[in-house]
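First comes the structure, then the notes that go with it.
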């Protein structure tokens, strides 16, 4: 027979190993093609830098070429050169593809697809594409204390351009960042799966920032991953 004190100790150990109130928010499945409002959990933004990001205003159709031509919906700004920044997501299974001008761009399953810009026609400054997650309160009204980010960026368009610069920002401060450039042959450039973690409270922002460097052409980028709040 197990002594009652040992049973109590086992129960305490199991509770400690299971984070209380943990919640997981997946990036691509969380994409919302029907709403882009400041009150949403996920929002799709553009702008030159933190503090000046604005919501992308336009719900836009995107033609996917394979497995058979069909239309999906996302967000963009038609007032800008090439209507970018732009966002949509692939969660339908298999691999999709698009061919915007110069060759096939593969779109892996469970991927948020987005593209930075350079602002209005003739613009010369970077117009970042920003996926924003706003930390919610727990169901009981209390604040989460920490965020763990699992992420992988992939430069999906190998047909030209100067690559992209990515950053994961917490309230405007970068927690992880780098650059990617896919060559015309060989594997697509990717960060591989990485992790970042930091303390949070209700209302904090976590931004997945995509910067075009000096040229927005060929900057279609895939993002997969999740945010776990504790």
- Of everything in segment 115-130 that's within 21 Å of the chain's Cα centre (by Cα) and assigned to a strand (DSSP E or B), which residue is nearest to residue 207 (Cα to Cα)? 130
- Need at least 1 residues that are touching a residue at least 60 places away in the same chain (Cβ under 8 Å) and surrounded by fewer than 21 Cβ atoms within 10 Å (Cβ to Cβ) per element, so show me which strands (runs of 3 or more DSSP E) inside segment 131-230 make the cut, counting only ones lying wholly within it. 146-155, 164-170, 205-211, 221-229
- Message: Just to check your reading of the model, which residue among 120, 78, 116 is over 17 Å from residue 33 (Cα atoms) and surrounded by fewer than 17 Cβ atoms within 10 Å (Cβ to Cβ)?
- Response: 120
- Message: Based on this model, can you work out whether residue 57 counts as exposed (fewer than 15 other Cβ atoms within 10 Å of the Cβ), over 21 Å from residue 132 (Cβ atoms) and free of Cβ contacts under 8 Å to residues at least 40 places away in the same chain?
- Response: no
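Does residue 72 satisfy being surrounded by 16 or more Cβ atoms within 10 Å (Cβ to Cβ), in contact (Cβ under 8 Å) with a residue 12 or more places away in the chain and farther than 24 Å from residue 167 by Cβ? Talk me through it step by step, then tell me what you get.
Details: surrounded by 16 or more Cβ atoms within 10 Å (Cβ to Cβ): yes; in contact (Cβ under 8 Å) with a residue 12 or more places away in the chain: yes; farther than 24 Å from residue 167 by Cβ: yes.
Yes.
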- Message: Which count do you get for residues in segment 41-54 that are closer than 16 Å to residue 114 by Cβ and surrounded by 16 or more Cβ atoms within 10 Å (Cβ to Cβ)?
- Response: 7
- Message: It is to be established whether one or more residues within segment 89-108 are crowded, with 20+ Cβ neighbours inside 10 Å, modelled with pLDDT of 95 or more, touching a strand residue (DSSP E or B) at 6+ places or on another chain (Cβ under 6 Å) and part of a loop (DSSP other than H, G, I, E, B).
- Response: no
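The values are calculated or read from the model by the stated rules, or taken from the named source; none is laboratory data. Everything numeric in this text was worked out from a predicted model, so none of it was measured. Neighbour counts are summed over all protein chains in view; Cβ atoms, including those assigned to glycine, are modelled from backbone coordinates with ideal geometry.
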